[in-house]
């Protein structure tokens with residue numbers, strides 16, 4: 001299922017959607033830190049706001065661009081749809097990734113400005129260590145597996161709720177706090193708050209997220225097998241009709 005929107009409109013949706021997502025994540029973190037010094041309460045408020053915002057953004061932008069809001073989700077959709085054209089093409093996928101990254105930086109700067117922190121400052125929050133990188137692999141693999149699973153079983157309409165619920169849970173059960181989104185990770189380097197990540201921590205986190213995305217695709221292949229080929233009408237046999245990973249989302253996606 002492809003959107004009829006133009007490539008420019010799709011890229012704009014990904015840019016605006018990712019900007020909004022990162023603004024929600026960073027802004028809710030700044031607000032929580034202002035209201036309480038209890039770290040657990042801060043994380044609870046941030047995780048709830050991030051999950052709710054993510055679900056709403058996927059529902060809003062899904063009909064335009066797939067509501068992916070995450071380079072790992074976009075690359076997964078490209079990989080799965082590269083043979084039958086069900087996902088974004090190479091040029092479109094690259095445009096999405098660029099738009100998502102620019103949007104993530106803009107969203108972080110917007111959140112900082114809204115809370116009177118207009119000066120651009122790099123994050124000093126170091127996130128280094130094997131346990132954190134393992135957490136990012138697990139968080140991203142689970143996200144990609146969830147999206148691929150919803151696509152393969154024809155339940156893509158559940159993506160906004162399912163992806164949001166997964167991210168809310170992963171923020172708590174993973175050691176890394178489940179960034180699971182390379183674009184959002186880059187954007188969060190522009191906020192010196194508890195949701196930020198230092199520039200020096202970016203390479204490890206992004207590498208872990210890409211590895212997690214590949215692992216998620218591998219797990220989906222093991223659990224669901226290869227996609228069923230389409231007949232002349234565009235659907236496979238029986239109930240195993242394939243829905244485009246682009247429309248699933250969805251993803252979105254991390255944001256966290």
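Quick rundown of the values:
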| read-out | value |
| --- | --- |
| Length-normalised contact order of the range 7-226 in % [C-alpha pairs under 8 Å, at least 6 apart] | 29 percent |
| Sequence-separation-based contact order of the range 45-152, relative, with Cα cut under 8 Å and 6+ spacing, percent | 16 percent |
| Sum of -39500 (n - 2.57) over DSSP H runs of 4+, divided by residues of the chain (222 nm, nearest 500) | -21500 deg cm²/dmol |
| Rounded FRET efficiency, nearest 0.05, which uses the C-beta distance separating residue 9 from residue 114 and R0 of 30 Å | 0.70 |
| Gap separating the Cα centres of the range 135-191 and the range 92-108, nearest whole Å | 17 Å |
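Only the coordinates and a few stated rules stand behind these numbers; no lab work does. Owing to the predicted nature of the structure, the values given are computational and were not obtained by experimental measurement. Positions of Cβ are generated from backbone atoms using ideal geometry, with glycine treated the same way; all protein chains shown enter the neighbour counts.
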